[in-house]
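Report on the structure given below.
The values are calculated or read from the model by the stated rules, or taken from the named source; none is laboratory data. Note that the structure is a prediction, hence the values are computed from the model and not measured. Heads up, the Cβs are rebuilt from the backbone with ideal geometry, glycines too, and the neighbour counts pull from every protein chain shown. Areas reflect the complete protein model, heavy atoms only, side chains present, ligands, DNA and RNA absent. Shrake-Rupley method; radii C 1.70, N 1.55, O 1.52, S 1.80 Å.
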Amino acid sequence: MAKELWDAYDREGNLLGFDLVRGEPVPKNVYHLVVEVLAVTADGRALITKRHPDKGWGSCWEYTGGSIVKGETPVEGALRELREETGIAVSAGDLHPVYAGIWPEACGMGSAIYHSFVVFFDPSVQTIRLQEGETVDYKLLSYEEFKQVLMEDSFVDVVRRRFLEHQADFDRIIAEHFK
């Protein structure tokens, strides 16, 4: 199986001109890009997925996310991760940027620059399909229920912390959409 390659970036998001290999140490002051996408239904329910038990944070809940592969932009990575992990296919214009920022090392994968998005989708048009080996279950929760489940031990801690750090931005984007 081919190794997953990531572009290497400096802390300002500039390409450094060399590759990183998933699973290998990331040099100090070098970053890779990661995306997270909170998918919300047309009637205001948030989609969460349960991680495969064999993965890090196995059997915990989260919303869609993953590393951007070599040559991808954050938007392309977000669209790919959403499609792969949930089966939801949207266009770039459907993504609502929430924030971009550095997050310290997690799971030995090095520090990363996270790009977070909200996307709205219609579950009567989009069929949710889980990615084998990645996700094993999903729930659609009202946004208020989502924020309650987010606080439980069964939710991936680092995803929770990033959400809480930017909750006002998530709340604003979702509220504006449903005006």
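Of note:
- Percent accessible area from carbon and sulfur atoms, the chain, protein chains only, probe 1.4 Å: 50
- Cα gyration tensor shape of the chain, rounded if a/c is under 1.5, else prolate or oblate by comparing a/b with b/c: prolate
- The chain - mean residue ellipticity at 222 nm from DSSP helices (-39,500 (n - 2.57) per run, n ≥ 4, rounded to 500): -6500 deg cm²/dmol
- Cβ crowding within 10 Å averaged over residues, with 80-89, 133-142 ranked highest first: 80-89, 133-142
- Prolate/oblate/rounded call for the range 10-74, Cα gyration tensor, a/c under 1.5 rounded: oblate
- On a per residue basis, the chain carries 50 Å² of accessible surface, using protein heavy atoms and a 1.4 Å probe.
- Taking a ≥ b ≥ c as the square roots of the eigenvalues of the Cα gyration tensor, the range 81-153 is classed as rounded, since a/c falls below 1.5.
- Basic side chains Lys and Arg get +1 at the Cβ, acidic Asp and Glu get -1 at the Cβ, and with that the dipole of the range 1-150 about its Cα centre reaches some 180 debye.
- Per-residue HN-Hα couplings for the range 2-10 [Karplus 6.51, -1.76, 1.60; θ = phi - 60°; Hz; x = Gly/Pro]: 5, 6, 7, 9, 10, 6, 8, 10, 8
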